[in-house]
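Report on the structure given below.
The values are calculated or read from the model by the stated rules, or taken from the named source; none is laboratory data. Note that this is a predicted model, so its numbers are computed, not measured. Every residue, glycine among them, receives a Cβ derived from its backbone with ideal geometry; neighbour counts consider all protein chains shown.
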Amino acid sequence: MAIGRRTAVLASATILLGSAAAVPATAAATPAASNTVAVTTESGARIQVSCPSGDVCFWNKSWQRCNWNVADPNWSGGNIRCSWAKTRNVHYVWNRGTSSRYTGVVYYLKTNYRNRVGCTRQGKSGYLQGTYKVDSHKWTSGRCG
């Protein structure tokens, strides 16, 4: 199924076969130069997640992904929609932004960039607290964690 670049994508992670050393759920995985990274779930399973170059990707605990290559003031009701934004907490983030104008992506609990809850630097990924829903994000050239 082909999906446009400006559409939030809902995708499931693929479970990898074989064993690997587990990292704690609170530790950030180190993203590879490719568009995939291996992470360890809370249950200890090793999975592979992907995120297109230039995008920021967010996953919920079921490893469903929503991603954007632009800022979005309203995840659940704007032009680009994340189908699970109102019903599921964010669990993992990967910022694959490539613009030299930006240093990171800031995410917010509310629409229209209100109630900042976090920021992830360009090229970084990691687990979030998993206790909140995000409803907007934007790229920043300011300080990011």
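Test of understanding: among THR41, THR36, which residue is at pLDDT below 85 and over 21 Å from ARG121 (Cα atoms)? Testing whether each residue is at pLDDT below 85 and over 21 Å from ARG121 (Cα atoms) leaves just THR41. Scan segment 109-119 and give yes if some residue there is out of contact with any His (no Cβ under 8 Å at 6 or more places or on another chain), without any contact (Cβ under 8 Å) to a residue 40 or more places away in the chain, more than 21 Å from ARG143 (Cβ to Cβ) and part of a loop (DSSP other than H, G, I, E, B), otherwise no. For segment 109-119, residues out of contact with any His (no Cβ under 8 Å at 6 or more places or on another chain), without any contact (Cβ under 8 Å) to a residue 40 or more places away in the chain, more than 21 Å from ARG143 (Cβ to Cβ) and part of a loop (DSSP other than H, G, I, E, B): present. Of the candidates ASN67, ASN60, the single residue that is polar (S, T, N, Q), surrounded by 18 or more Cβ atoms within 10 Å (Cβ to Cβ), within 20 Å of SER99 (Cα to Cα) and at pLDDT 85 or above is ASN67.
The set of residues in segment 96-119 being surrounded by 18 or more Cβ atoms within 10 Å (Cβ to Cβ) and of a type in the set (Gly, Ala, Ser) consists of GLY97, GLY104, GLY118. Across segment 120-137, the number of residues qualifying as assigned to a strand (DSSP E or B), more than 11 Å from the chain's Cα centre (by Cα) and buried (at least 19 other Cβ atoms within 10 Å of the Cβ) comes to 1.
Only a single criterion out of (1) within 11 Å of the chain's Cα centre (by Cα); (2) under 18 Å from ALA38 (Cα atoms) is not satisfied by TRP68, namely (2).
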